[in-house]
Amino acid sequence: RKYFYSHLDESDSGKIEINAQNIVRCYCILMKEYRTDSIQADGKTIVTESLQKIIDKAHDDNATLVITKGKYLTASIFIRSNMNVIFEDGAELIGTTEEKEYPIIDTRIAGIEMKAYPGILNVNDAENVVISGRGTISGQGRYWWDKYWGEDEKSGYRGEYDAKGLRWAADYDCRRLRNIVVMNSRNITIKDLISSEPGFWNLHVLYSEHVVIDNVFINAGDPHGPSTDGIDIDSSSDVIVRNCTTNTNDDSICIKSGRDADGYRIGRPCHHVTVENCHILSGFGVTIGSEISGGIHDIVLRGLTFENTDCGFRIKSSHPRRGYIRNVIATDLKMINVRYPVHICLDWNRGYSICTLPEEYRLKEIPDHWKKLLEQIPEDVPDTLVENVLLKNITASLTPDYSGRSRAFNIEGYDDQPIQNLIMENVSITADEFGIIKAVKNQEMKNVKLTIKGSNDKSNDDYDNR
């Protein structure tokens, strides 16, 4: 246990919370109040300009901004430093599907720095911001999902790119909208909001520090919605996610640090992240990866409940990523009807992860982000190193009416770079099959109880290769 407790103890998250919350509150004791009552909130008229004007005015006058009840059809809006923004119950920002209304900015999409859309609600290059209240950010996801899949789930960008051998580029070329983005910012609190039907990710925290995400509800579980991640913490530090509920069609809460050569070039790790007291419903689980090329360390997951989730604790990466994951504690996790309670795959989804340019494109000019995706990390950089992972006080059970698959472990390291120092303590799992544990060095199991109903089904070896 010296590997864990010398780096991290359970008081760390409390220190982070005190620093972030106190600093934010000191800066956000504002005297004036501006309200959006005068803006036409009928859900049909685009009001981006009016919203941004009142945001800027509230910022300039050191005033609290209240988003009043109504449906505000908008493109991207940007919250400024030292602001307190309150959503009234029934206030809804609806992202327009008129794509020409969105600016193209420098950002990072799925681990690659590139030009793309901002979010609907953005906190960029800002500090000392509190956004709170039970308002809703809605992305009108169906428009964006049809753009990706096509209405028949065979055409759209994905069908076209698959046919050309460009599966790995489809997610980047098909510009889709995130609901909330916090980028290059510090001392930010987002509390009580609802994020619904995003075109892409729900809430993306990028290149930021001292961020608290509290009691946010993610409603994005439509099976037609691709890449509707819940909360993505990306090359950021001192982040707390707590009391949140996620319902998604991809990773529920995800920790990342950049993809392949581009993430390696930037070299900005994601670290000191705590996820606690969250309720994880449909989705792919609480995940580290797959974009880990900048490194990830000192992560605490605790007090999480999973119900009907594909995975519980999950790590995913691939050979092109390299990078490292170290010093992870996952404790007090309760899983009910979870298909893969512990899923660690370091050779994930080759069709997406391994980028090969078809012959017919080699003499053509290709986009800059394609060049980044195709660039290789030097071969002398070792494969992904996963080390010092503690899984403690975990239960996984199945209800009598559960009819899905269930595999206790799917743990696969690299033969030449095995997972190191994997400790399981006080773990109880009931599952249909045991699964796989291979390429692990220094594994310790203490008080691990398994109830396994049958033998392995090879069809369950692969998961999430969409």
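The values are calculated or read from the model by the stated rules, or taken from the named source; none is laboratory data. Note that this is a predicted model, so its numbers are computed, not measured. Counting neighbours? That spans all protein chains shown, and the Cβs are built from the backbone with ideal geometry, glycine included. Side chains included, ligands, DNA and RNA excluded: accessible areas come from the protein's heavy atoms. Shrake-Rupley method; radii C 1.70, N 1.55, O 1.52, S 1.80 Å.
When Pro223, Pro198 are screened for being in a loop (DSSP other than H, G, I, E, B) and within 14 Å of Leu121 (Cα to Cα), only Pro198 passes. Evaluate the following for Ile131: is it assigned to a strand (DSSP E or B), modelled with pLDDT of 95 or more and either within 21 Å of the chain's Cα centre (by Cα) or within 15 Å of Arg176 (Cα to Cα) (or both)? Yes: the conditions hold for Ile131. In segment 229-275, counting only strands (runs of 3 or more DSSP E) that sit wholly within it, the ones holding 1 or more residues that are touching a residue at least 60 places away in the same chain (Cβ under 8 Å) and within 27 Å of Trp168 (Cβ to Cβ) span 231-234, 253-256. Within segment 50-58, is even one residue basic (Lys, Arg) and either within 23 Å of Thr97 (Cα to Cα) or touching a residue at least 40 places away in the same chain (Cβ under 8 Å) (or both)? Yes, segment 50-58 has at least one match. Selection of segment 304-315 for residues being open to solvent by less than 10 Å² (accessible area, probe 1.4 Å) and not in a loop (DSSP other than H, G, I, E, B) yields Leu304, Phe306, Cys311, Gly312, Phe313, Arg314, Ile315. Every condition in (1) touching a strand residue (DSSP E or B) at 6+ places or on another chain (Cβ under 7 Å); (2) at pLDDT below 95; (3) open to solvent by 60 Å² or more (accessible area, probe 1.4 Å) holds for Asn22 except the one numbered (1).
The number of residues in segment 407-466 being open to solvent by less than 70 Å² (accessible area, probe 1.4 Å), under 30 Å from Pro223 (Cβ atoms) and of a type in the set (S, T, N, Q) comes to 3.
Tallying residues that are open to solvent by 40 Å² or more (accessible area, probe 1.4 Å) and either modelled with pLDDT under 95 or over 24 Å from the mean Cα position of the chain (by Cα) (or both) within segment 376-392 yields 5.
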